[in-house]
1. Within segment 155-177, which residues are within 13 Å of the ligand (Cβ to nearest atom) and either open to solvent by 20 Å² or more (accessible area, probe 1.4 Å) or at positive phi (or both)?
2. Between a residue in segment 133-149 that is within 16 Å of Gly18 (Cα to Cα) and any residue that is of a type in the set (Asp, Glu) and assigned to a strand (DSSP E or B), which pairs come within a Cβ distance under 6 Å, given they are 6 or more apart or on different chains?
3. Return the total of residues in segment 178-190 being open to solvent by 10 Å² or more (accessible area, probe 1.4 Å) and not in a loop (DSSP other than H, G, I, E, B).
4. Could you grab me the full set of residues in segment 234-249 that are assigned to a loop (DSSP other than H, G, I, E, B) and within 19 Å of Asn212 (Cα to Cα)?
5. Whether any residue in segment 250-270 is among the polar types (S, T, N, Q), part of a helix (DSSP H, G or I) and surrounded by 13 or more Cβ atoms within 10 Å (Cβ to Cβ) is what I want to check.
6. Taking the criterion of being open to solvent by 50 Å² or more (accessible area, probe 1.4 Å) and outside any loop (DSSP other than H, G, I, E, B), would at least one residue in segment 11-26 satisfy it?
7. Looking at segment 38-53, is at least one residue in contact with a helix residue (DSSP H, G or I) (Cβ under 8 Å, 6 or more places away or on another chain) and acidic (Asp, Glu)?
8. So which strands (runs of 3 or more DSSP E) are wholly in segment 29-123 and hold at least 1 residues that are away from the ligand (no atom under 13 Å from the Cβ)?
Amino acid sequence: MKTRITELFGIEHPIIQGGMHFVGLAELAAAVSNAGGLGIITGLTQRTPELLANEIARCREMTDKPFGVNLTFLPSVTPPDYPGYVQAIIDGGVKIVETAGNNPQKWLPALKENGIKVIHKCTSVRHSLKAESIGCDAISVDGFECGGHPGEDDVPNFILLPRAAEELKIPFVASGGMADARSLVAALALGAEGMNMGTRFMATREAPIHENVKLAIVAASELDTRLVMRSLRNTERVLTNAGVERLIEKEKTLGSGLKFEDIIAEVAGVYPAIMQRGEMDAGAWSCGMVVGLIHDIPTCKELIEGIVTGAEQIVRQRLERMFPQTAAAMA
Ligand SMILES: Cc1cc2nc3c(=O)[nH]c(=O)nc-3n(C[C@H](O)[C@H](O)[C@H](O)COP(=O)(O)O)c2cc1C
């Protein structure tokens with residue numbers, strides 16, 4: 001396939017694996033990139049810039065294709081060593097960065113001077129336009145369906161993507177709710193130049209996470225995600241479990257008086273417990289509604305090639321046949 005996104009990033013297929021805490025390690029990023037997509041290492045999962053540098057080096061040993069690093073900018077009392085992480089990315093020769101969370105403006109000059117392309121993840125048209133105006137190269141437009149932080153506007157991709165297409169000049173990918181060939185064709189039809197997937201890539205053979213997580217994803221339906229932390233304006237879509245139901249009870253009881261400290265047990269330290277030890281009731285971990293469309297655990301190559309060949313079939317067979325007169329006129 002050829003789209004503005006494959007051209008921008010020098011990749012074969014317009015399919016990106018979004019940054020995922022404790023999931024986006026070198027193994028997954030390399031597998032996605034080797035399959036012709038764009039794999040992304042999650043920067044902050046590495047506790048220090050030195051560890052990120054090691055992870056980048058490990059990924060380079062596993063692939064000679066382009067891969068990226070995710071940098072998530074969250075409000076924090078003691079912020080991570082962002083200058084150190086940016087330097088590790090530059091020194092590691094990485095040419096693509098996925099930014100998310102707060103405005104990445106402060107870091108753009110250093111990234112741009114080193115020839116790094118930046119794709120910023122946004123959950124609204126206004127943030128996408130802001131990212132375009134400060135010089136980001138592309139946007140990952142993340143709809144309300146998405147796993148992780150959908151923002152506070154609650155606009156699903158059927159509206160958000162065409163709205164982005166109406167306003168943006170730089171290319172964008174559809175993120176949130178994407179799983180298969182149908183998603184890719186729909187995303188392209190709505191104006192995107194490709195798609196970004198999180199949850200779907202967790203249920204792949206190469207995802208370096210506990211088998212329990214993959215099985216939970218395959219078992220879950222589209223009704224099994226919950227939104228938590230809305231009253232803290234830090235809304236997150238997660239897969240439900242005993243820890244999450246406890247969190248929701250606290251939210252109901254404490255109402256607008258809820259403070260982050262009240263839910264620390266259900267949100268802090270959950271990722272290693274879930275992803276590494278497979279303790280499925282540990283608490284809140286990001287998961288998209290798309291979980292209802294995930295029924296198997298393929299390799300990244302099987303997944304990506306299946307999406308691309310399936311998309312071509314949908315366009316050339318199913319959709320083409322819906323316009324018989326045009327097809328006849330062209331014959
Ligand atoms: C387990 C998990 C962890 C995530 N961690 C991050 C993260 O650290 N930074 C980030 O920008 N996005 C993160 N995301 C969001 C994904 O990059 C992606 O935008 C999202 O999963 C897309 O929605 P989908 O799950 O419906 O495909 C995470 C998503 C999941 C499922």
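The values are calculated or read from the model by the stated rules, or taken from the named source; none is laboratory data. Keep in mind the model is a prediction, meaning the values are calculated, not measured. Note that each Cβ is placed from the backbone with ideal geometry, even for glycine, and that neighbours are counted across all protein chains shown. With ligands, DNA and RNA removed, areas are computed over all heavy atoms of the protein, side chains included. Shrake-Rupley method; radii C 1.70, N 1.55, O 1.52, S 1.80 Å.
1. Residues satisfying the conditions are Pro156, Gly176, Gly177.
2. His149/Glu236
3. Final tally of qualifying residues: 7.
4. Thr240, Asn241 - these are the residues of segment 234-249 that are assigned to a loop (DSSP other than H, G, I, E, B) and within 19 Å of Asn212 (Cα to Cα).
5. No, segment 250-270 has no match at all.
6. no
7. Yes; the residues of segment 38-53 include at least one that is in contact with a helix residue (DSSP H, G or I) (Cβ under 8 Å, 6 or more places away or on another chain) and acidic (Asp, Glu).
8. Answer list for segment 29-123: 67-73, 96-101, 117-122.
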